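The values are calculated or read from the model by the stated rules, or taken from the named source; none is laboratory data. None of the values given here were measured: they were computed from a predicted structure. Ideal geometry is used to build each Cβ from the backbone, glycine not excepted, and the neighbour counts take in all protein chains shown. The area values use the complete protein model at the heavy-atom level, side chains included, leaving out ligands, DNA and RNA. Shrake-Rupley method; radii C 1.70, N 1.55, O 1.52, S 1.80 Å.
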Amino acid sequence: DLITRQLRDEGVDVTALRHFEGLTTSTSAVLVDAQGERLVVGYRGTALQADAAWLPLDRIEGAGALLADVRWPAGAEAALSAARKAGVPAILDGEVAPEVEQTQVRELQRLLFSARHEAYIRHAGLR
């Protein structure tokens, strides 16, 4: 698989990488102009619908911290829960705030959002 090969070529450990038959990978392109302004163009694949049961959650115990993304709710919830049980600090990337689940938030010690999501945070009672 092209993505697996590219990651491996860059020195990324792909031993826990999983392929899901019939599901697609999300991809993004980041364009940066001469002034440093960026534009992110993304395609959201279907692989983030996959079950999280395969995650190697026992590996979280040895981590210095965990970063979870709200776009895969099942994976984020499982990883955040494992991090909390292991005493590992956890960060939830809430940039896509409307997808944040209350179960994910309960697993956090700290919650960080960008300023533009302030109204959502207040509305959802996350403050």
Label-point separation, A16 to E61 (7 Å along Cα→Cβ), nm: 1.3
Heavy atoms of L67 accessible to a 1.4 Å probe, total area in Å² rounded to 10: 120
With all protein chains modelled, accessible area of D58 [1.4 Å, Å²]: 120
Sequence of V12, V30 when ordered by accessible area, the most exposed leading, probe 1.4 angstrom: V30, V12
Rounded to the nearest 10 Å², the accessible area of V88 at probe 1.4 Å: 10
Per-residue ³J(HN,Hα) for the stretch 11-20, Karplus 6.51 cos²θ - 1.76 cosθ + 1.60, θ = phi - 60°, Hz, x for Gly and Pro: x, 7, 6, 9, 5, 9, 5, 10, 10, 10
The stretch 9-100: chymotrypsin sites (Phe, Trp or Tyr not before Pro) in DSSP loop, at most 10 other beta carbons within 10 Å: none
Separation of alpha-carbon centers, the stretch 45-94 and the stretch 1-24, rounded to whole Å: 18
Heavy-atom SASA rank of R18, R59 (probe 1.4 Å, accessible area, largest first): R59, R18
Probe 1.4 Å, accessible area per residue of the stretch 27-87, Å²: 67
